[in-house]
Every structure is written in structure tokens, then in C-alpha cells.
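Following: one structure in C-alpha cells, then a few remarks.
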Amino acid sequence: VGPGGSQILVDDPEAGVFAWCAAARALHQARLEVRQRERFLELLDRVYRTGEAFFGNELPFQVKERDGNSSRHIYFNFTYQAFRENGVTVGVAVFAYDVTEQVKARRKTQVLQAKMSRRDRELRMMAESLPLITFVTETDRRLSYISPQWFAYTGMSSDAALQSNWDDIVHPND
């Protein structure tokens, strides 16, 4: 992209590169809010003027649906990199890719992790309020949780208990 958003065709058969850099035109045609379009055009112009690259990571775009009544968020990782010839900036190379699905998946995972953490705290609180000894073992028979009642009953330290397998500390007849 050249000054003012002009388009530059890059064709280098030696390197097998054929790219059409039309980021400014694409931004004008995109169903972005005017404020967003202007922000990205300003970034393009700044990179062109200063020669300093811009790296955007998971930047949100609010895109209007074709019906014009609703909108949705999409996310992109992108780079605006000054393209120079003989030390002079002659354009801006734009490399962008849609990471919307990755962002959505990560956010969904974070929500699930928060729910699991909350439920784990609730379970511990319930287990520790009961007048019973409770413990949790992993598939390798390693103890991962022991209620405080166990320590009060046995006098064992938490370090010693958690470094044991459950069958090392529970009587075989139990």
C-alpha cells in the first residue's frame, strides 16, 4: 500500500511471489465502523511516514453484518511493515490472518477453567466442613487432596501424606 492507500502490485517470478496489496481499499470496503477504518488507515499512514512496523495481536474488529442490523467481532493478528527501495519507504506490506476461532476457543476455555476452579473451591469447602475424612487420588494412586480431618486424626504432616500413595497410608483391611 502506497501513500494515501494507493495499491501496489508486487510481482517477483524469481521468488514465486505475487501479491496484491490493497489493504486500504479493503478497509474502505470492509463493513467496519468508520472510527475503526480511520484508526487502521492512520496506522498505515504512520508506518508509511515513519518506517516503523506495527504488530497487532488479536485486535478486535466490529464488523456489520450484511443486513446492516447487527454486528459481530472478529480478531486478526497482523503486521504493517514498511516496504523500502534504496532506503526509501515506497509502500507498506500487510500480513494479516484471522484468529477469531482461536480467540473464541481460548475464551471458552478460560470460562470453563474459572467454573472448574469455583466448583473445586466449593467441593473443598463442603469436604472440610463434614465430620468425615475425605481424600482424592489420581489415576497413578497418588493423593492429590486430603481433608484436614485426616491430619487431625492421624497426626501425619501434609507433606508426608501427599507424597504417599493411598494404599501406603490406609490399612489393608480398610
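Give or take rounding to whole Å, what are the principal axis extents of the alpha carbon atoms in the range 89-166, in descending order?
If we take the Cα atoms of the range 89-166, the spans are 77, 24, 23 Å.
Determine the shape class of the range 48-96: with a ≥ b ≥ c the square roots of the Cα gyration tensor eigenvalues, call it rounded for a/c under 1.5, and otherwise prolate if a/b is greater than b/c, oblate otherwise.
prolate
If you roll a 1.4 Å probe over the range 67-145 with all protein chains in place, what percent of the accessible area is carbon or sulfur?
In the range 67-145, the share of accessible area belonging to carbon and sulfur is 55 percent.
For the range 73-156, what is the accessible area per residue in Å² when the probe is 1.4 Å?
About 73 Å² of surface per residue is accessible.
Could you sort GLU85, GLU58 by accessible area so the largest value comes first, with the probe set to 1.4 Å?
I get GLU85, GLU58, largest accessible area first.
Assuming R0 = 45 Å, can you tell me the calculated FRET efficiency for the pair THR79 and ARG142, based on Cβ-Cβ distance, to the nearest 0.05?
0.45
Averaged over all directions, how much area does the convex hull of the C-alpha atoms of the range 36-174 cover when projected, in nm²?
In nm², the orientation-averaged hull projection of the range 36-174 is 16.7.
At 1.4 Å probe size, with no ligands or nucleic acids counted, give the accessible surface of THR50 in Å², nearest ten.
Around 70 Å² of this residue is reachable by solvent.
The values are calculated or read from the model by the stated rules, or taken from the named source; none is laboratory data. Because the structure is a prediction, the values reported are computed rather than measured. Cβ sites come from the backbone with ideal geometry, for glycine too, and all protein chains shown count toward neighbours. Protein only, heavy atoms only, side chains kept; ligands, DNA and RNA dropped before computing areas. Shrake-Rupley method; radii C 1.70, N 1.55, O 1.52, S 1.80 Å.
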